[in-house]
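Take a look at the structure set out below.
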Amino acid sequence: MPNQQEFDALAESWMLALRAERKSDGTLTTYRRGLTAYAKWCSERGEDPLLTRRHVQQFLADFYDRDGKPTTAGNYLSELRLFVAWCVSEGEDVPNEIEGMKNPRESKTYRPPLSAEELEAMVATCDIKTFLGKRDEAVLRFMVDTGGRSAEILGVRLENLWIPKGRVLFKGKGDKERLAAFSPQTGLVLDRYMRARRKHRLAEVSPLLWLGDRGKEFTYAGLWPMVKKRAALAGVTDVHPHRFRRTFADNWLSQGGSVDGLMAIAGWENMQMVKLYAGARANVRALEEHQRIFGQQ
């Protein structure tokens, strides 16, 4: 069974194997997340990461005690299972006890999309006299308008953005490319940001659209805190980058957009993702559609 040093070494070897399989940086980050959380939990307890069924069950139980969400716990368990499966396939001395562990049952908690009022409240916290204010407003509106994944939003290159046409080329999972669109209003906000970007110290260095503060690039480590900060200042709760994608999907369907069109523009290949992101308000949209068709009863 691995001690902490051996665990860390095996984790790095697994990352190397995944990179050799041409997994995206976003996938690597996701896969590492569960290992990092588990290793931190073991370290806090002064224990080695044994990866036994009982040990992993204790890790998940403690995670729940800290108000952890079933979805996150399920992701952690999936990542640990994949890691253990790789270790076993490589002949490493790691117990194969968690292969059959089932993911925690997810609750049917209703998670609404952002309302127009909530989005405007967050945007109102952005001081457009500053570079970060211009950038943050552009990012918030761009996320809602395009419905892009966080990695896609952050990975937009200048050469793949056409503000006058309201188009952007996303590179999604598996290096798949697709065109997405944004409104003229978002185009104006992007244009304002671009004028400020030209004065940034990385303007001629970075090919990426979004730049950070003080000469830094803008990564997920900056996106997540920015969204939380704007939400907190606006008094909006339970906000995370994925909620913008959920809002995009709901807006699309609420305005009469087709499911096929949503799947194409969001980069989804099956209905499961539509149900995941837009299923919670399906009944609300159906009632609104009934009223449009038959009128107020």
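General remarks:
- Adding -39500 (n - 2.57) for every DSSP H run of four residues or longer, then dividing by how many residues the chain holds, sets the calculated 222 nm ellipticity at -18500 deg cm²/dmol.
- A full extension of the chain between Phe294 and Asp175 corresponds to an added length of 38.4 nm, given 0.36 nm per residue minus the alpha carbon distance.
- Karplus 3J(HN,Hα) series, Hz, for segment 76-81 with 6.51 cos²θ - 1.76 cosθ + 1.60 (x for Gly, Pro): 4, 5, 4, 5, 5, 4
- Rough spin-label spacing in nm, given labels placed 7 Å along Cα→Cβ, for Ser78 and Ala61: 2.5
- Shape call, segment 1-144: gyration tensor on alpha carbons, a/c limit 1.5: prolate
- For Leu211, no residue 5 or more places off, or on another chain, has a built amide H under 5 Å of its own.
- For Asn270 and Thr29, the difference between the fully extended length at 0.36 nm per residue and the C-alpha to C-alpha distance is 84.4 nm.
- Listed values for segment 16-21 are Karplus-derived 3J(HN,Hα) couplings in whole Hz (6.51 cos²θ - 1.76 cosθ + 1.60, θ = phi - 60°), namely 5, 5, 5, 5, 5, 8, and x replaces Gly and Pro.
- J(HN,Hα) series, segment 235-243, from Karplus relation 6.51 cos²θ - 1.76 cosθ + 1.60, nearest Hz, glycine and proline x: x, 9, 9, 6, 10, 8, x, 5, 5
- Folded to 0 to 90 degrees: helix 25-45 orientation relative to the chain principal axis, Cα: 50
- Prolate/oblate/rounded label for segment 204-282 (Cα gyration tensor, a/c 1.5): oblate
- Shape category assigned to segment 118-237 from the gyration tensor of Cα positions, a/c cut at 1.5: rounded
- Each label was represented as a point 7 Å from its Cα along the Cα-to-Cβ direction; for Val205 and Arg54 these points are 5.3 nm apart.
- A viscosity of 1.306 mPa s and a temperature of 10 °C, combined with the Kirkwood radius over C-alpha pairs in the Stokes-Einstein formula, give the chain a diffusion coefficient of 74 µm²/s.
- Qualifying chymotrypsin sites (Phe, Trp or Tyr not before Pro) in segment 21-50, DSSP loop, other Cβ atoms within 10 Å at most 15: none
- Rounded FRET efficiency, nearest 0.05, which uses the C-beta distance separating Glu90 from Gln5 and R0 of 22 Å: 0.80
- Efficiency of FRET between Lys69 and Ser254 - r from beta-carbon atoms, R0 35 angstrom, step 0.05: 0.85
- Length gained when the stretch Arg22-Glu120 is fully extended (0.36 nm per residue, less Cα-Cα span): 31.3 nm
- Order of Glu79, Glu137 under a 10 Å beta carbon neighbour criterion, fewest first: Glu79, Glu137
Values quoted throughout were computed directly from the atomic coordinates according to the rules given, and no laboratory measurement underlies them. Values in this document were obtained by computation on a predicted structure and should not be read as measured data. With ideal geometry, Cβ positions are generated from the backbone for all residues, glycine too; neighbour counts draw on all protein chains shown.
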